[in-house]
């Protein structure tokens, strides 16, 4: 057995047998998803004409903000329960999928409404939310993660540490300091390390001034890794190891 940390794994002991490893496990019950007003383009017509409508097909759902920018992407299996002429017009279809995938928590609604109005342009809009809400915020920042950006280096970047009370809060504040509001720069230790490797908008060397760093230090004081470091200390150490200068204020 191994005990995992944000930085690696260490042996935690041995066992002679494992019970329940190959037992069947009940997954969550499927939750139907209703797609209203679908344009029946040729690929969709092909799927609907099959006797079995779910063979190896999937559908990508893109949520657009009011400006037409993609704010979220969600892929689900194209398992069609039923289809009928749409309530929005006879040239459209209303389609019910067997399962729409994981449901978003209720806390996601106001966050999506904020992003629907446009990409965030001011800092700390994530700050009032719980840990679950901050994770939803990070989910939306990651939408464009596959779009590589040219890196800049040098300069001084200021992290507003007043609301860094949990891991998602740390990564929200870090991304805003390095690449601006609504930007993505990792949402956990490994992703953050990858971002420091380049193609995410900034690369070391640079200087990060972490204001009110005592708040994060206190928030993570009881969360120690196998190396005896808190998550806060691991992040600072990683930044310095990658060539950044970190000033804790």
Does residue 160 count as at pLDDT 95 or above, at positive phi and surrounded by fewer than 23 Cβ atoms within 10 Å (Cβ to Cβ)? no
Inspect all residues belonging to segment 192-201 and state whether any of them is farther than 20 Å from residue 137 by Cβ, at pLDDT below 95 and touching a strand residue (DSSP E or B) at 6+ places or on another chain (Cβ under 6 Å). yes
Out of the residues in segment 128-154 that are touching a strand residue (DSSP E or B) at 6+ places or on another chain (Cβ under 9 Å) and at pLDDT 95 or above, state the one that is surrounded by the most Cβ atoms within 10 Å (Cβ to Cβ). 140
Which residue, of 150, 128, 120, is under 16 Å from the mean Cα position of the chain (by Cα) and more than 26 Å from residue 34 (Cα to Cα)? 120
Inspect segment 109-122 for any residue being in a loop (DSSP other than H, G, I, E, B) and farther than 23 Å from residue 174 by Cβ and give the result as yes or no. yes
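Yes or no, residue by residue, for (1) farther than 30 Å from residue 117 by Cβ; (2) within 28 Å of the chain's Cα centre (by Cα); (3) at pLDDT 95 or above; (4) outside the structural domain of residue 135 (by TED's automatic domain parsing):
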residue	(1), (2), (3), (4)
39	no, no, no, yes
44	yes, no, no, yes
48	yes, no, no, yes
53	yes, no, no, yes
58	no, yes, no, yes
61	no, yes, no, yes
82	yes, no, no, yes
89	no, no, no, yes
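Please verify whether segment 76-98 includes one or more residues that are closer than 30 Å to residue 160 by Cβ, surrounded by fewer than 17 Cβ atoms within 10 Å (Cβ to Cβ) and in contact (Cβ under 8 Å) with a residue 24 or more places away in the chain.
So far as segment 76-98 goes, no, none of its residues is closer than 30 Å to residue 160 by Cβ, surrounded by fewer than 17 Cβ atoms within 10 Å (Cβ to Cβ) and in contact (Cβ under 8 Å) with a residue 24 or more places away in the chain.
For every residue, the table says whether it meets (1) assigned by TED's automatic domain parsing to the domain that holds residue 161; (2) in contact with a helix residue (DSSP H, G or I) (Cβ under 9 Å, 6 or more places away or on another chain); (3) in contact (Cβ under 8 Å) with a residue 40 or more places away in the chain; (4) farther than 14 Å from residue 157 by Cα.
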{"position": "199", "(1), (2), (3), (4)": "yes, no, yes, yes"}
{"position": "203", "(1), (2), (3), (4)": "yes, yes, yes, no"}
{"position": "208", "(1), (2), (3), (4)": "yes, yes, yes, no"}
{"position": "222", "(1), (2), (3), (4)": "yes, no, no, yes"}
{"position": "228", "(1), (2), (3), (4)": "yes, no, no, yes"}
{"position": "239", "(1), (2), (3), (4)": "yes, yes, yes, no"}
{"position": "242", "(1), (2), (3), (4)": "yes, yes, yes, yes"}
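The values are calculated or read from the model by the stated rules, or taken from the named source; none is laboratory data. Remember, predicted model here, so these are calculated numbers, not experimental data. FYI the Cβ positions are ideal-geometry reconstructions off the backbone, even for glycines, and counts take in every protein chain you see.
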